[in-house]
Amino acid sequence: MAERRRTFVPVAGLGLASATLLTVASTKAWATARAVDEADDLLLGGPTDTGGQVPLVTALGLVVLATWGVVLVTRGRFRRLVSALGAFAAVSALGVAISAYWLLPDLLQTQVWLVEVTADYTGWYVAGLVGAVVAVVASALGVAWVPDWPEMGSRYDAPSAPAVDDSRTDDQSNLDLWKAIDEGRDPTQGRS
């Protein structure tokens, strides 16, 4: 148990870093269109990244990133539920990233319809895949180990009810005291 307690910072850091990598990589072009026939390269104007981005992976990466933020500040069953949501989003992002390998060439072809093109995958695609795989691993470890991780103390919780001041013996509220001062009366007279 003490060993798992020590895994909190590395696993949470790995989860945050991988979700950030996944999100940033998904905003970049994962594939560029290149004309199949070199003579058509002039029509295409050279390699183009039109349509080479995957916004669904961006959204899922942001969900994974947000769940790690929530895991840092919550406790108990809710923490485990949020960890499971993050793992689901990471697995979904990985599935979309893998399927993008087959979908991006068709998407690029529909964007550049005058010329037959082929897709060249960029380093951002590889970075997105690596980020998704690491996010899945970190999220799975988070789901498994979150009950053993340290939790934020309850002193950081919002107060549930206003504190009762037991030191006051009379029924006069603060508002009544201020009203008395406004009227020119001394509210402390008559007290012993």
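Observations on the structure shown:
- In segment 121-155, of all residues being in a helix (DSSP H, G or I) and of a type in the set (S, T, N, Q), the one that is farthest from A90 (Cα to Cα) corresponds to S154.
- Of all residues in segment 64-74, one or more are of a type in the set (A, V, I, L, M, F, W, C), under 17 Å from M152 (Cα atoms), buried (at least 23 other Cβ atoms within 10 Å of the Cβ) and touching a Lys or Arg at 6+ places or on another chain (Cβ under 7 Å).
- Taken over segment 158-173, residues that are modelled with pLDDT of 60 or more and exposed (fewer than 10 other Cβ atoms within 10 Å of the Cβ) amount to 5.
- Selection of segment 15-29 for residues being surrounded by fewer than 24 Cβ atoms within 10 Å (Cβ to Cβ), under 18 Å from V137 (Cα atoms) and not polar (S, T, N, Q) yields L16, A17, L21.
- Condition met for L65 (under 20 Å from V24 (Cβ atoms) and either in a helix (DSSP H, G or I) or more than 19 Å from the chain's Cα centre (by Cα) (or both)): yes
- When V133, V91, V146, V96 are checked against the criterion of being buried (at least 23 other Cβ atoms within 10 Å of the Cβ) and touching a residue at least 24 places away in the same chain (Cβ under 8 Å), a single residue qualifies: V146.
- Whether a residue is within 20 Å of R4 (Cβ to Cβ), of a type in the set (D, E, K, R) and at pLDDT 90 or above was assessed, and R75 does not pass this test.
- Flag: A89 matches the condition of being part of a helix (DSSP H, G or I), modelled with pLDDT of 95 or more, of a type in the set (A, V, I, L, M, F, W, C) and over 24 Å from A33 (Cβ atoms).
The values are calculated or read from the model by the stated rules, or taken from the named source; none is laboratory data. If you're wondering where the values come from, they're calculated on a predicted model, not measured in any experiment. Counting neighbours? That spans all protein chains shown, and the Cβs are built from the backbone with ideal geometry, glycine included.
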